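Chemist: Just passing along the structure, written as structure tokens.
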Amino acid sequence: MTSRSIPEPSVPPQAAAPAVRPQGCTNFKLHHLARRVGQHYDAEVRKTGLKTSQYSLLSHVERLAPVRPVDLAAAMGMTASTLSRNLQVLVADGFLELDAGPDARSRLVRITPAGRAKRADAQRHWKAAQLALNERLGEARVLELHALLDDTLAQMAATQGEGDDASASPDEAP
């Protein structure tokens, strides 16, 4: 028996490997991921009686204080009215205080000793959530995700200009 090789059919290059194109809505996928990751952190930080948004607010105030509400809102990438609603709860709980500013119309936000203690407690839980996510996804995948997100944010900023959310999330842990 002679073995003959059968010639491969001639296939045009564009038909050989179909182009891989994104499927689905990128916005939906990002929101879905953000919700799932947010739920993971929320479940852990909630053990302190805080929401992750409240922990973030305490962290920003601790880092920036004394800070005017308008500057705090800008640093956090939120509107003044959203910040005002969030501040009210933390002031009522004794974690933040609003002091008089340099003139009669301005106010300054400061963190109280109770707020520092609550933030420290929440930070331990945030760290536990971070380590659990690293374990669940694998540190290599988390590093890849961070690099992809950082690169994408930089590309979006470069092509769209600086947007409202350019400073919404700091690079470091709250």
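Chemist: For the stretch 131-157, give me each residue that is farther than 24 Å from Val45 by Cα and among the aliphatic types (A, V, I, L, M).
Modeler: Within the stretch 131-157, Ala140, Ala147, Leu148, Leu153, Ala154, Met156, Ala157 qualify.
Chemist: For Arg105, state whether it is at pLDDT below 95 and open to solvent by 40 Å² or more (accessible area, probe 1.4 Å).
Modeler: So Arg105 passes the test.
Chemist: So Leu90 ticks every box in (1) open to solvent by 80 Å² or more (accessible area, probe 1.4 Å); (2) within 25 Å of the chain's Cα centre (by Cα) but one. Which box is left unticked?
Modeler: (1)
Chemist: Is it fair to say Ala122 is assigned to a helix (DSSP H, G or I), open to solvent by less than 50 Å² (accessible area, probe 1.4 Å), over 11 Å from Leu58 (Cα atoms) and in contact with a helix residue (DSSP H, G or I) (Cβ under 6 Å, 6 or more places away or on another chain)?
Modeler: It is false that Ala122 is assigned to a helix (DSSP H, G or I), open to solvent by less than 50 Å² (accessible area, probe 1.4 Å), over 11 Å from Leu58 (Cα atoms) and in contact with a helix residue (DSSP H, G or I) (Cβ under 6 Å, 6 or more places away or on another chain).
Chemist: If a residue must be touching a Lys or Arg at 6+ places or on another chain (Cβ under 8 Å) and touching a residue at least 40 places away in the same chain (Cβ under 8 Å), how many such residues does the stretch 104-124 contain?
Modeler: Counting residues in the stretch 104-124 that are touching a Lys or Arg at 6+ places or on another chain (Cβ under 8 Å) and touching a residue at least 40 places away in the same chain (Cβ under 8 Å) gives 3.
Chemist: So, in the stretch 34-50, exactly how many residues are open to solvent by less than 80 Å² (accessible area, probe 1.4 Å) and part of a helix (DSSP H, G or I)?
Modeler: Qualifying residue count for the region: 10.
Chemist: Go through the stretch 125-157 residue by residue and tally those that are without any contact (Cβ under 8 Å) to a residue 24 or more places away in the chain, polar (S, T, N, Q) and open to solvent by less than 100 Å² (accessible area, probe 1.4 Å).
Modeler: Number satisfying all stated conditions: 2.
Chemist: Moving on. Restricting to the stretch 51-85, give me the number of residues that are assigned to a helix (DSSP H, G or I) and either open to solvent by 50 Å² or more (accessible area, probe 1.4 Å) or among the small types (Gly, Ala, Ser) (or both).
Modeler: 15
Chemist: Taking the residues in the stretch 108-117 that are open to solvent by less than 40 Å² (accessible area, probe 1.4 Å) and assigned to a strand (DSSP E or B) as candidates, determine which candidate is nearest to Val45 (Cα to Cα).
Modeler: Here the residue is Ile111.
Chemist: While we're here: With respect to the numbered conditions (1) part of a strand (DSSP E or B); (2) surrounded by 13 or more Cβ atoms within 10 Å (Cβ to Cβ), which one is the sole condition not fulfilled by Asp99?
Modeler: All conditions are met except number (2).
Chemist: Spot the failing condition for Ala15; the list is (1) farther than 30 Å from Glu135 by Cβ; (2) open to solvent by less than 80 Å² (accessible area, probe 1.4 Å); (3) at pLDDT 60 or above, and only one is missed.
Modeler: The failed condition is (3).
The values are calculated or read from the model by the stated rules, or taken from the named source; none is laboratory data. Treat the numbers as computed from the prediction; the structure is a model and nothing was measured. Every residue, glycine as well, gets a Cβ built from its backbone with ideal geometry; the counts of neighbours run over all protein chains shown. In case anyone asks, the SASA skips ligands and DNA or RNA and just uses the protein heavy atoms, side chains included. Shrake-Rupley method; radii C 1.70, N 1.55, O 1.52, S 1.80 Å.
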